[in-house]
1. Examine the range 362-385 for a residue that is farther than 30 Å from P167 by Cβ, of a type in the set (A, V, I, L, M), assigned to a strand (DSSP E or B) and open to solvent by less than 30 Å² (accessible area, probe 1.4 Å), and state whether such a residue exists.
2. So in the range 55-78, with the set limited to residues that are assigned to a loop (DSSP other than H, G, I, E, B) and out of contact with any helix residue (DSSP H, G or I) (no Cβ under 7 Å at 6 or more places or on another chain), which one is nearest to H115 (Cα to Cα)?
3. Looking at the range 299-353 only, could you name the residues that are assigned to a helix (DSSP H, G or I), open to solvent by 10 Å² or more (accessible area, probe 1.4 Å) and either without any contact (Cβ under 8 Å) to a residue 24 or more places away in the chain or of a type outside the set (A, V, I, L, M) (or both)?
4. Give the range 430-468 a look and list any residue that's at pLDDT 95 or above, surrounded by fewer than 23 Cβ atoms within 10 Å (Cβ to Cβ) and either acidic (D, E) or farther than 30 Å from L403 by Cβ (or both), or say none.
5. Check E290, E258, E227 and return the single one that is more than 27 Å from I104 (Cα to Cα) and open to solvent by 20 Å² or more (accessible area, probe 1.4 Å).
6. Check off (1) open to solvent by 30 Å² or more (accessible area, probe 1.4 Å); (2) touching a Leu at 6+ places or on another chain (Cβ under 7 Å); (3) assigned to a loop (DSSP other than H, G, I, E, B); (4) hydrophobic (A, V, I, L, M, F, W, C) for L265 and give me the number that stays unchecked.
7. If you check K533 against the conditions, is it among the basic types (K, R) and surrounded by fewer than 18 Cβ atoms within 10 Å (Cβ to Cβ)?
8. Considering the range 536-548 alone, what residues qualify as being over 17 Å from S501 (Cα atoms) and open to solvent by less than 10 Å² (accessible area, probe 1.4 Å)?
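The values are calculated or read from the model by the stated rules, or taken from the named source; none is laboratory data. Predicted model only: the values in this text are computed from it and were never measured. Cβ: placed from backbone, ideal geometry, glycine included. Neighbour counts: every protein chain shown. Surface areas here come from the heavy atoms of the whole protein model, side chains and all, with no ligands, DNA or RNA. Shrake-Rupley method; radii C 1.70, N 1.55, O 1.52, S 1.80 Å.
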Amino acid sequence: MSTQPPPSRPDVNELARQGLLPDDPMTGTPYANGLLADGQPTTSVGAKPEIRLDADEERVLKEAVAAMVATGRPIFQRGGFLVRVLDEQTKLGGVVLPRGTPTIDILPHSMISMHLSSAADWRAWRNNRRGPGKWVAAHPPYRLVRQVADYGEWKDIRVLEGVVESPVMRPDGSVLDVPGYDGATGLLYLPNGRFDPVPKMPTQADAEAACEVLAEVVVNFPFAGPEHRSAWMAGLLTMFARFAFAGCAPLQLIEAPERGTGKSLAATIQGEIATGRPLPVTPQTSDGEEMRKRIMAIALGGVRVVLLDNLTKLGGPVMDAALTSTMWSDRILGVSAEKRMPLLVTWIATGNNVEFIGDAVRRINLVRLEPDCDQPDARTGFKHSPLVPWVRENRPRLVRAALTVLRAFVVAGRPKIDMPAWGSFEAWSDLIRASLIWAGQPDPYLSRAKLAEGDSAESSIGLFFTGLREVLRSHGSGSRFTLKAAEIARVLNDRSGEYHSLRTAVIDLTRVRSDKPLASKDLGYLLRRFRGKVRNGFRLCRTPPNEGGHLWYLEPVSGRSDDSDEESGGDGGDGGDGFGSLQTLSETIASTRDGWDEPAACPPSPPSAEEEEVSRDI
């Protein structure tokens, strides 16, 4: 009597190609809705494949995956996980989601087991003491469920890059407007409304007219200038083209001097146009570890747009990294190893006179609202009131307008636009920003002149250079007026009633207590941090180390940009701060409109991120 199971049945992929797979017993729809990796459709004729559980685990695993794929169920892969799409979540890792927001979710083991069970007839070999053994009905074992989940080589399972609910632009400039899974982009298009068709070959005149349609939405918002309205349009277009360009997009900050100016409403209507609902919202937390977890949840869930509402401060190492990253690595609950997920988010923030932390300032597309009344929340006489219902009613033509601007620019061959560089966001700039300029709108870059007003760290750096020059001119040695860090600290401590500029800047930048003597290590840290930077026409330099450490001095600079850091390597070569020449920026703004406040004489530049030892600087 043999106790060995007979040979297994043919591979399920071959059965699928031969049309031997039945209708889905759960939905009643044909398995022909599924596609194999080579694009050949499955059919719904015949019986479900039989998978026999034996010692050949690799064969069983491959047949199990193929059977699950052949069902055509909406199962995808993302970042090394099997995933599904949900629309009933209202909270995701600290992010509040409007009801109905589609999110990507890791497929639980229980659901994998269910899918496997319904995808095939499972058989296990049972020995019989009184007679020959036989194959009997069985359930997929949990060990197999885990193997399927951990396999990582699901070549037949489609990769899911994101879920969209309105037409969007593809990387080749075409418009994704056919519902379902798009193999060219990995996007799943689940339309949540009816949309007007986007012209196939729009002209520049069409793009200009489309911009006027979008401008009508915000006709009553008190923008600080036309460039700020253009920056708002740039944020909106980004939502429709986020999958059309490689690289990162700047955060759109909608800022105002006081509440009631319409900041949150300006963001809300962008969400209504792009997604058909309000935006997912999360606060920015000062807890870096918590913020990392939230960003990982956003990346895993494929959330398209996130609003950081009512901020007082913006930035920090974690947020700065997120704004210049298209992939995000962190641990996921229940998974021991770190995972990498695509991070293609359009970030929006609102706040009153927001303070920038660290390197955030160069990562911002600024939209500034400045009402000309003392009670902006009491304004009346709006053209469209209430605005949100009007936007919802007109959403089809607004979506069409946004895509027309982008499509017309692509059809025209993506004309080269003469514009200042926007460091770290070149691809975004070449599509979003360039298309708006080409369509007759002001350069959104021009709004960045207002950023210096909210950059408290930049103000403190300028004050540091001013105060340091006073001390060096009064107490420095030689033709270059050099001093050691310890000597500068000694001057500040011995002459507590003098040199207020440098003392104030050091306290602001290091957060040391003002009632304590200044430590030379704190000053040494700042000197090393700003080495090679230029402010107020002077570059901070140091001599080679000698027995007593480095000597520091300020070297006059003429005809050089603010980012010239050849001695120190600057900010790490990450693309600069993107401000370019502020003199040129001021002239451009002046030519755009009258009444613009002249910006500061020296362009802002974020402080270096170096935090190395400073023992030789003391």
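1. Within the range 362-385, none of the residues are farther than 30 Å from P167 by Cβ, of a type in the set (A, V, I, L, M), assigned to a strand (DSSP E or B) and open to solvent by less than 30 Å² (accessible area, probe 1.4 Å).
2. Looking only at the range 55-78, we keep the residues that are assigned to a loop (DSSP other than H, G, I, E, B), and these are 55-56, 71-75.
Then drop every residue that is not out of contact with any helix residue (DSSP H, G or I) (no Cβ under 7 Å at 6 or more places or on another chain), which leaves 55-56, 74.
On the way: A55: 22, D56: 21, P74: 11 Å.
Among those that are assigned to a loop (DSSP other than H, G, I, E, B) and out of contact with any helix residue (DSSP H, G or I) (no Cβ under 7 Å at 6 or more places or on another chain), it is P74.
3. P317, D320, A321, listed by residue number.
4. D430
5. Working: E290 fails: more than 27 Å from I104 (Cα to Cα); E227 fails: open to solvent by 20 Å² or more (accessible area, probe 1.4 Å).
Unique residue meeting the criteria: E258.
6. Going through (1) open to solvent by 30 Å² or more (accessible area, probe 1.4 Å); (2) touching a Leu at 6+ places or on another chain (Cβ under 7 Å); (3) assigned to a loop (DSSP other than H, G, I, E, B); (4) hydrophobic (A, V, I, L, M, F, W, C) one by one, L265 breaks only (3).
7. Details: among the basic types (K, R): yes; surrounded by fewer than 18 Cβ atoms within 10 Å (Cβ to Cβ): no.
No, not satisfied.
8. Answer for the range 536-548, where residues must be over 17 Å from S501 (Cα atoms) and open to solvent by less than 10 Å² (accessible area, probe 1.4 Å): R539, C541.
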